[in-house]
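These notes are about the structure you will find just below.
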Amino acid sequence: MILKHLQISNYKNISEAELDFSPGLNCIIGHNGEGKTNLLDSIRFLSLCKSLGVTQDSLCIKHGEDYFVLKGSYEHEDYTIEEIHCSLKRGQKKTIRRQGKPYKRLTEHIGLIPIVLVSPADNMLIAGGSEERRKFIDIVISQKDKSYIESLARYNKALSQRNALLKLETECDVETISIWEELMAKEGELIYKKRQEYVNDFIPIFQHYYNIIAQDHEQVSITYTSHCQRGPLIETIQRDRHKDIAVGYSLHGIHRDDLELLINGYPIKREGSQGQNKTMLVALKLAQFDFLRRTGSGTCPILLLDDIFDRLDAQRVERIVSLVSGNAFGQTFITDTNREHLDKILSITSQEYKLFYCESGSFSELGQI
């Protein structure tokens, strides 16, 4: 899938923008805070129907404006055109249209345009809590399996209802809470199975990319932990119900699943250098891309690389660029604050490319180097 043309109105700090992109590399240069990341985020929004790190869609509307609009024109591998339109007015729900027709449910859109973003926010995969690592798993499986999104929604509803009962000052009604526990267990075990299958497939791909970037200087691995590994989930949930009542929330379930990221057998959160952390994050996302390319909707994902070369030595940067400019990767967007840095990147690629300059939310195309 190739994003050929993008129109933006009132998205974050971007008042108006209309850009035509290369099917290969697209590099955006500019100082921090000028809008480079917001451009990539708008592309992500058109794929996943939400902004990265923003809890309310209305926060994406430019200050002083009442709406935002995003329009993307995409080209499939068979050269057919896909038109995606997203709009939001303050006080209303967002609307996503495909070929002019609105979706009945936004989940129907997820996976149509697979996408992978690598950004500084990914550091939370290492430094943050288990929720960040579950999101990392969920966002990939959701792009290839719509039933997974539906299972997550049902599980989260059951979890919310159970937690509400646990918080009651009066004694829980056993019959009612059991209904929600059974739904949690049913959906939770389906989710666990799909997560486990994904992690098993994902680990060797991740290790492959890490070894290429680091030249086998370190050994990395991932361990997936879940309460489902203790036996039937319904038994685990109900066995410790009295503890849950005491604390007022559910202590067990797939909402507590986690990934342990290891380097040379030790948690990278404790042992990794800044360069090793960055290498792991890039390898995780490139493996995510590879997984989607092979198992997703049958189209090559779009790859977004937002300021990823900081804290990496020149050799690792060159290996990453060689990877993403190869035949295994399709359309790629790269942002950086350093023009000289991007010029070096572009000088070693044989891919078609475009170079853009960003200032105060405006974009202009620069000439070839």
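Rule-based calculations on the coordinates, nothing more; no lab input. This one's a predicted model, so the numbers in the text were calculated from it and none came from an experiment. Ideal geometry is used to build each Cβ from the backbone, glycine not excepted, and the neighbour counts take in all protein chains shown.
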TODO: Please identify, among Ala328, Ala214, Ala17, the residue showing maximal mean-square fluctuation in a Gaussian network model of the chain using a 10 angstrom Cα cutoff.
DONE: Ala328
Task: Sorted by Cβ neighbour density within 10 Å, fewest at the top, the residues Thr295, Thr170 - done: Thr170, Thr295
- [ ] For the chain, build the charge dipole from Cβ charges (+1 Lys, Arg; -1 Asp, Glu) around the Cα centre, then report which of Ile320, Ala185, Leu48 sits farthest towards its positive end.
- [x] Ala185
Task: ³J(HN,Hα), Karplus 6.51/-1.76/1.60, whole Hz, each residue of region 68-80, x for Gly, Pro - done: 9, 9, 10, 10, x, 10, 10, 10, 6, 4, 8, 6, 6
Task: Potential lengthening between Arg256 and Gln219 on full extension [0.36 nm per residue; Cα-Cα distance subtracted] - done: 10.7 nm
TODO: Taking the chain as the reference, fit the longest principal axis to its C-alpha atoms, fit the long axis of helix 130-144 to the helix C-alpha atoms, and give the angle between the two in degrees, 0 to 90, nearest 10.
DONE: 70
TODO: With a cut-off of at most 13 other beta carbons within 10 Å, and DSSP calling the residue loop, which trypsin sites (Lys or Arg not before Pro) in region 97-170 qualify? Please list them.
DONE: Lys104, Arg105, Lys167
Task: For region 81-125, with +1 on Lys and Arg beta carbons and -1 on Asp and Glu, the positive-most of Met124, Thr95, Leu112 along the dipole - done: Thr95
- [ ] Among the listed pairs Lys36/Lys157; Lys62/Lys344; Lys135/Lys269, give every one whose C-alpha distance is greater than 27 Å.
- [x] Lys36/Lys157; Lys62/Lys344
Open item on the list: On C-alpha positions alone, give me the angle between the axis of helix 314-324 and the longest principal axis of the chain, in degrees, nearest 10.
Closed with: 80
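Taking the Cα centre of the chain as origin, sum charge times position over the Cβ atoms of Lys and Arg (+1) and Asp and Glu (-1), and report the length of that vector in debye to the nearest 20. Before the final figure, lay out each step's value.
On the way: 46 positive and 51 negative charges, 137 e Å.
Around 660 debye, computed over the chain.
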Task: Segment Asn338-Ser58, length gained on full extension (0.36 nm per residue, minus Cα span) - done: 97.6 nm
- [ ] Compute the long axis of helix 274-295 from its Cα atoms, compare it with the longest principal axis of the Cα atoms of the chain, and write down the angle in degrees, 0 to 90, nearest 10.
- [x] 80
Task: Full-extension gain in nm, Gln207 to Asp173, via 0.36 nm per residue minus C-alpha separation - done: 7.4 nm
Task: Positive-end extreme of charge dipole, the chain - chosen from Thr337, Tyr209, Asn13 (charges on Cβ) - done: Asn13
